[in-house]
Amino acid sequence: MKTRKLSSRIPLIGVFAMALGPAIAALPFTAQAQRVSTDEDVARIIGIERLAVQNGEVSGELRNRANHPVRDVQLFIRYTWMWADERNPGKTDPGTSTYYTLKETIQPGAKINFNYKPSPPLPNIAGGRFVATVKIAGFTEIIPQK
């Protein structure tokens, strides 16, 4: 009777996979869904209120309009450079943009304040001005499982 070593027929990684397979299958599974929403859909869930811009610093309130808590609200802040003479713009556009994430959880109907100050500060240059816009880029809606 011939005997063969297990390792000669099954690679070592295969042995680990066979041993860990049932253990991994027994772990609880949580689904993470992502979807693309329109600006109107987002506005029904979370809104930006009392938006103010002063010297590049952006502040305002985020209001949760949903029936569930939301967290990790990500803002897209864009600083568009508007040339004083749009027909003869300069050679370089100093406009910039960034994402800013608020880690707080906002309960249904509640609001939180936010404040973003660009670092480094926006350049102080002649020949135009910055116009800041803020949009909701993403968030997590916490929906309890039934």
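Readers should treat all values here as calculations from the given coordinates under stated rules, not as data from a laboratory. It should be emphasised that the depicted structure is a prediction, and the values quoted were computed from it without experimental measurement. Cβ sites come from the backbone with ideal geometry, for glycine too, and all protein chains shown count toward neighbours.
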Once amide hydrogens are built 1.01 Å from N within the peptide plane, the residues lying 5 or more places from ILE106 or on another chain with amide H under 5 Å from its amide H are VAL70, ARG71
Ranked packing of 87-95, 124-132, 37-45, 55-63, most packed first, by mean Cβ within 10 Å
55-63, 124-132, 37-45, 87-95
Once phi is turned into ³J(HN,Hα) by the Karplus curve 6.51 cos²θ - 1.76 cosθ + 1.60 with θ = phi - 60°, what whole-Hz value does each residue of region 55-66 show in order, with x for glycine and proline?
6, x, 7, 10, 9, x, 10, 10, 10, 8, 9, 7
Which far-off residues, 5 or more places away or on another chain, put their amide H under 5 Å from the one on GLY128, with H placed in the peptide plane?
ALA84
Hydrodynamic calc, region 52-146: Kirkwood Rh from Cα pairs, then Stokes-Einstein at 10 °C with viscosity 1.306 mPa s, so D in µm² s⁻¹ is 105
Per the Kirkwood treatment, what hydrodynamic radius in Å, one decimal, follows for region 70-120 from the mean inverse distance over all distinct Cα pairs?
13.8
